[in-house]
1. Quick one: Karplus J couplings for segment 160-174, per residue in order, coefficients 6.51, -1.76, 1.60, θ = phi - 60°, nearest Hz, x for Gly and Pro?
2. Per residue, how much accessible surface does the chain expose to a 1.4 Å probe? Answer in Å², no decimals.
3. When averaged across all projection directions, what area in nm² does the alpha-carbon convex hull of segment 46-120 cover?
4. Ala45's amide H: which non-local residues (gap 5+, or another chain) put their own amide H closer than 5 Å, with H modeled 1.01 Å from N in plane and none for Pro or chain starts?
5. Enumerate the lysines that Lys16 could reach by cross-link, defined here as Cα to Cα under 19 Å, with residues fewer than 8 away along the same chain left out.
6. Can you compute 3J(HN,Hα) from phi for each residue in segment 191-199, using the Karplus curve 6.51 cos²θ - 1.76 cosθ + 1.60 with θ = phi - 60°, rounded to whole Hz and x for Gly and Pro?
7. HN-Hα J couplings of segment 123-135 from phi, Karplus 6.51/-1.76/1.60, θ = phi - 60°, integer Hz, Gly and Pro as x?
8. How much net charge surrounds Phe140 when only other residues with a Cβ under 13 Å from its Cβ are counted (Lys, Arg +1; Asp, Glu -1)?
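The values are calculated or read from the model by the stated rules, or taken from the named source; none is laboratory data. Quick caveat: nothing in here was measured; it's all calculated off a predicted structure. Every residue, glycine among them, receives a Cβ derived from its backbone with ideal geometry; neighbour counts consider all protein chains shown. Just so you know, the surface numbers come from the protein's heavy atoms only, side chains and all, with ligands and any DNA or RNA stripped out. Shrake-Rupley method; radii C 1.70, N 1.55, O 1.52, S 1.80 Å.
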Amino acid sequence: FLQASGNTEAASANTKFDLSHEGANWRNNFFIGALYSENAEFATAERYEARYQTDYKITDRLSWFGALSGQQDHFSGFAYQATVSTGASYKFIDSPTTQLDFSLGAGLRRSREETLVKSDAGEVLDRIPGVIEDEAVATFSSNYEHHLTSNTKLHNKLLAESGAENTSFADDLALEVSMTSSLALAVGYGIRYNSDPPPLAQSTDTLVTINLVYNIP
């Protein structure tokens, strides 16, 4: 959270919740994230995203997954993007210091473009919805985590979806330094990309963050 007042009026906040549970036969991963910012007069960013993936273990390394993902970004030119997919996951590295897994699959993406009507100052005055489109996509995701030291780790999460009309990906890289067993500081860099955005919309959004992290014991 960041707030400025006085000669400059601005506020911004971002939050993420990442949960993973692994049993004898199933592994479940759930993620939600939100971003909001405003200046003295109007909002300048607002994004919500969620992902869920469940894996059935075929072997210790190979599994079959089903996944749901969705994003609503009020400034991307898309009213929403949502995908359901299925495919195979594989753990390439599973050591005490490094974990790396990949998922490759296929699915269906539903999206709806919208035209943003803005003032000269950049305020969104109106949102004109477009048609709803369904598209078959190939999906790829990866999760990477590496402990550089006993209290410092690097992790990266990537989700990519490619169809005939649009290719999108979301990537989050973070360096996390633990202060206690539960609290850490993280510096992050995130990218959201669409190869074919709606008219007047940019293809790439980036975000640099410094966050307080609470690790649930």
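1. 10, 9, 10, x, 5, 9, 7, 10, 10, 8, 10, 10, 10, 10, 8
2. For the chain, the solvent-accessible area averages 59 Å² per residue.
3. Dividing the Cα hull surface by four gives the mean projection, 7.1 nm².
4. Placed amide hydrogens put Ser37 under 5 Å from Ala45.
5. Answer for Lys16, where 19 Å is the Cα cut-off: Lys153, Lys157, listed by chain and number.
6. Going residue by residue, I get 10, 10, 9, 10, 6, 10, x, x, x Hz, with x marking Gly and Pro.
7. For segment 123-135, the Karplus curve yields 6, 7, 8, 7, 10, 9, x, x, 7, 7, 10, 10, 8 Hz.
8. -2
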